[in-house]
1. For A:159-165, what's the mean count of beta carbons from other chains sitting within 10 Å of each residue's beta carbon?
2. As an exercise, take the mean of 1/r over every pair of distinct alpha carbons in the protein assembly as shown, invert it, and state the Kirkwood radius in angstroms.
3. Would you mind checking the tilt of helix B:113-135 against the longest principal axis of the Cα atoms of chain B, expressed as 0 to 90 degrees and rounded to 10?
4. Compute the whole-percent fraction of alpha carbon pairs in the stretch B:2-161 spaced more than 19 Å apart.
5. Going by how many other beta carbons lie within 10 Å of each one, how would you line up B:147, B:82, fewest first?
6. Count, for each residue of C:124-136, the Cβ atoms from other chains sitting within 10 Å of its Cβ, then give me the mean as a whole number.
7. Taking only DSSP H segments of four or more residues, each worth -39500 (n - 2.57), what value at 222 nm results for the protein assembly as shown once the sum is divided by all its residues, to the nearest 500 deg cm²/dmol?
8. Apply the a/c threshold of 1.5 to the C-alpha gyration tensor of the stretch A:85-170 and tell me whether it is rounded, prolate or oblate.
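Laboratory data are not the source of any read-out in this text; all were calculated from the coordinates shown. Quantities reported herein were computed from a predicted structural model and do not represent experimental measurements. Counting neighbours? That spans all protein chains shown, and the Cβs are built from the backbone with ideal geometry, glycine included.
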């Protein structure tokens with residue numbers, strides 16, 4: 001459309017010359033970058049669960065391509081969640097009121113941040129339980145329970161894959177949060193909605209947080 | 001006063017660097033490091049990372065204040081929730097022994113409470129902009145930040161507070 | 001379900017004042033049976049093969065019925081939206097049961113067998129369609145047009161229909 005050449009944007013030619021070095025994909029045409037947007041959002045802003053369900057369904061299908069097994073699939077879902085945990089850790093700390101804007105220094109403080117602040121941000125409610133492993137041999141293990149993980153709401157895992165829990169994605173978010181805060185950990189999701197309890201909460205999931213030895217060591221050194 | 005600001009990632013990798021001079025008390029915003037010392041800035045800042053690690057578990061505050069000093073270079077630090085470190089090296093042009101005059105002014109006295117507060121405000125503003133970078137879906141942890149908008153924001157914060 | 005006093009006689013013995021949803025069949029757009037379930041006890045059972053034949057036959061009759069419209073198609077071309085396809089069979093009634101057919105825009109057919117006087121069938125059908133859209137179509141492990149084997153769908157469907165039947 002060479003004939004339309006003379007019709008210029010209202011910005012005029014001089015501003016176009018000024019910004020000639022800034023053209024390209026990096027700059028949106030209205031000049032508003034990610035830096036022009038506020039970091040705070042109103043509390044009530046929520047997303048449609050249906051659209052999330054479709055997106056998450058596609059994420060699971062994508063992760064399922066060319067996997068070697070269930071563990072591999074869970075690992076991939078975990079990897080998808082990991083960077084989100086890292087980013088949310090900083091974002092949610094920033095949104096905390098200035099007085100309580102502190103980095104978590106202890107395991108308990110971190111896990112409480114995860115089960116309340118993070119959970120509320122993601123699922124609009126706190127996690128259902130936070131427990132420490134009662135086994136004295138595994139002091140590095142903690143358990144976060146969610147009776148009805150939002151990501152699993154519409155998912156029915158086929159019988160031949162009954163080891164799988166798609167909340168591995170959420171486990172990845174938790175793991176990213178722990179890693180970012182300096183508490184390296186392995187987090188896995190396990191379905192426990194079987195037997196008597198399963199009647200009430202068939203989708204109940206426990207996130208097993210297994211901190212690395214150095215974290216427990218530091219915890220002992222710092223004192224509680 | 002001349003400043004050297006660096007953001008250091010979780011594996012002690014530099015993510016962002018910026019040099020500037022004071023804009024207060026008639027400063028022109030140009031850094032004036034002695035030519036023979038300028039290349040040392042990176043080393044001095046890197047060496048102070050050990051001190052950050054010493055104090056970071058002592059309290060949950062993000063602003064760690066002045067954590068190191070090397071001759072006439074003072075280093076202040078800020079640490080984010082995900083262990084990214086902001087380090088600011090400040091180097092007074094004249095040695096701070098002339099504290100009889102203008103001892104509270106930010107550009108002259110690197111240890112006064114006013115300077116401490118000004119640096120905190122600078123860090124908080126950079127923190128907000130850094131966080132916006134991090135929220136970019138195409139940014140992964142540890143990546144260098146080379147957005148000119150971010151650089152501009154850091155420069156503006158430097159002009160505003162320091 | 002105590003009213004189902006004599007099982008051997010099948011559907012006809014269900015007491016008249018009790019409204020009951022008997023069964024649900026889902027047929028995919030190619031006429032294949034993808035789901036079948038009974039909701040009342042003591043119903044006449046067909047063999048799997050017969051259900052498949054039933055689904056295929058109904059699919060065929062339904063297709064024919066969409067062509068039987070004796071009126072000329074009213075020719076007002078709409079620029080904004082595509083006109084709905086002709087509906088075909090919607091209800092089939094007998095003395096003992098009523099068959100409601102609901103076809104989605106993508107060609108999946110839901111067949112609901114109920115008491116002849118069952119009220120609010122539209123609502124029940126809407127509820128079932130909603131559950132299908134949520135718990136089958138949003139499930140990443142369900143492949144389109146294949147038999148429905150989703151535990152979550154099954155659990156909620158049975159719960160909801162049981163609530164309707166005990167009303």
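1. Mean partner-chain Cβ count within 10 Å for A:159-165: 1.
2. Over the protein assembly as shown, the inverse of the mean reciprocal pair distance is 29.2 Å.
3. 20 degrees
4. 53 percent
5. By the 10 Å Cβ count, ascending, the order reads B:147, B:82.
6. For this peptide, the per-residue mean of nearby foreign Cβ atoms is 1.
7. That calculation yields -11000 deg cm²/dmol at 222 nm.
8. Cα axes put the stretch A:85-170 in the oblate bin.
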